[in-house]
Amino acid sequence: MVEQYFSKEGLEKIKEEYAHRTGQLRVDIGVRIKEAKEQGDLSENAEYAEAKESQSLNEGRIVELKIIMDNAIIISKPVAGGVVSVGSRIRVSSGGSDREFMIVGASEADPANGKISNESPLGSAFLGRKKGEKLKVATPKGQVEYHVLEVK
């Protein structure tokens, strides 16, 4: 199984979703199935079919979450020495403007909020870099040059 990197908070969200799905959501779906069965003929019962589909989707997601939790690696502290690693916050310059990014595991990526995956082309290009280094990254718009200004 593939290891997945998470911040402490990100893994906590996964655990909360798991608890919700194995607890209250399972109970709610069970009630829906019971009520639909009481309506009679199951072969033409849309409520029953929908409830069973919800149950199937929920149980599938529970399995996924369990696998994620079993293989999760908590991002602790970034690597010492100012080297970009998973968990690092970096400030870079490109095209005359500065941007800040945090390198996170793929499950927590949120590019619009500056959280980029260590597996993405941009995130993987930054890994192992140090303050002052320049690098070129292939993007859909072509080669983009970045200058690493700060690593925290």
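Where a number appears in this text, it was derived from the coordinates with a stated rule and is not lab data. Computed from a predicted model, the values in this text were never measured in an experiment. Backbone-built Cβ (ideal geometry, glycine too); neighbour counts: all protein chains shown.
So how do Leu11, Leu122, Leu42, Leu127 line up by other beta-carbon neighbours within 10 Å, fewest first?
Values: Leu11 21, Leu122 18, Leu42 12, Leu127 15.
Going from least to most buried by this count: Leu42, Leu127, Leu122, Leu11.
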query = Exposure proxy check: Ser97, Ser120 ranked by fewest other beta carbons within 10 Å?
reply = Ser97, Ser120
note = For Arg26, Arg21, ascending order of other Cβ atoms within 10 Å (fewest first) is Arg26, Arg21
request  = Identify which of Asn113, Asn58, Asn45 has the largest mean-square fluctuation in a Gaussian network model of the chain, with springs joining Cα atoms closer than 10 Å.
outcome  = Asn45
remark   = Net charge near Glu119 (other residues with Cβ under 13 Å of its Cβ; Lys, Arg +1; Asp, Glu -1) is -1
task = Rounding to the nearest 20 debye, state how big the charge dipole of the chain is about its Cα centre with +1 on each Lys and Arg Cβ and -1 on each Asp and Glu Cβ.
result = 1100
Inter-site label distance for Leu135 and Ser93 at 7 Å from Cα along Cβ, in nm = 1.8
request  = When a/c is below 1.5 the answer is rounded, else prolate if a/b is larger than b/c, else oblate, so apply that to the chain with a ≥ b ≥ c taken from the square roots of the Cα gyration tensor eigenvalues.
outcome  = prolate
